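Everything below concerns the one structure shown next.
The values are calculated or read from the model by the stated rules, or taken from the named source; none is laboratory data. These numbers were taken from a predicted model, which means no experiment stands behind them. When we count neighbours, we look across all protein chains shown, and the Cβ atoms used for this are built from the backbone with ideal geometry, even at glycine. The accessibility values were calculated without ligands, DNA or RNA, using every heavy atom of the protein model including side chains. Shrake-Rupley method; radii C 1.70, N 1.55, O 1.52, S 1.80 Å.
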Amino acid sequence: MVKETRISIHLSPSEKEEYIRFLKEYEYIFAWSYDDMTSVSTSIVAHKLPTNLMFLPVKQKLRNLKPDMSLKIKEEFTKQIKAKVLRVVEYPTWLANIVPVLKKYGKVRVCVDYRDLNRAIPKDDFPLPNIHILIENYAKQEL
């Protein structure tokens, strides 16, 4: 299995070497696959959405997918279900379609079309900033 991560371009060569050494020394700490996250309690990561009762639940019409794409999606979901990241729900009140997105190197990212659900959720007055901007800003700071 390829274990890949990224290091900021703002580091000096000595800092970069130090980070690489540190990451290799403690690589067992990081979750490299869904199977590595079995000890995470669902009470910590379970989400509940405060939907507005004025909106009726929407079940989107099923989209047809290409057969080869369906196999890649099934493979991804099988991995997540085996690792207990996802669970099967028999009678959903909201049903959203899967939107496959091809990544570089032929991998598939499985996204979900939550536009209907997003309309039924109250807007957040304090949205979080883009995390990649925060990380890049902190990467320039002294350790």
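Numbers at a glance
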| item | result |
| --- | --- |
| Pick from the stretch 1-14, criterion open to solvent by 70 Å² or more (accessible area, probe 1.4 Å) and not hydrophobic (A, V, I, L, M, F, W, C), ranking: farthest from residue 139 (Cα to Cα) | 3 |
| Residue tally, condition outside any helix (DSSP H, G or I) and surrounded by 13 or more Cβ atoms within 10 Å (Cβ to Cβ), over the stretch 98-136 | 9 |
| Counted residues, the stretch 1-35 - those being in contact (Cβ under 8 Å) with a residue 24 or more places away in the chain and in a loop (DSSP other than H, G, I, E, B) | 9 |
| Residue match in the stretch 47-62 (condition: assigned to a helix (DSSP H, G or I), open to solvent by less than 80 Å² (accessible area, probe 1.4 Å) and either free of Cβ contacts under 8 Å to residues at least 60 places away in the same chain or within 22 Å of residue 109 (Cβ to Cβ) (or both)) | no |
| Odd one out for residue 93, checked against (1) loosely packed, with under 15 Cβ neighbours inside 10 Å; (2) closer than 22 Å to residue 35 by Cβ | (2) |
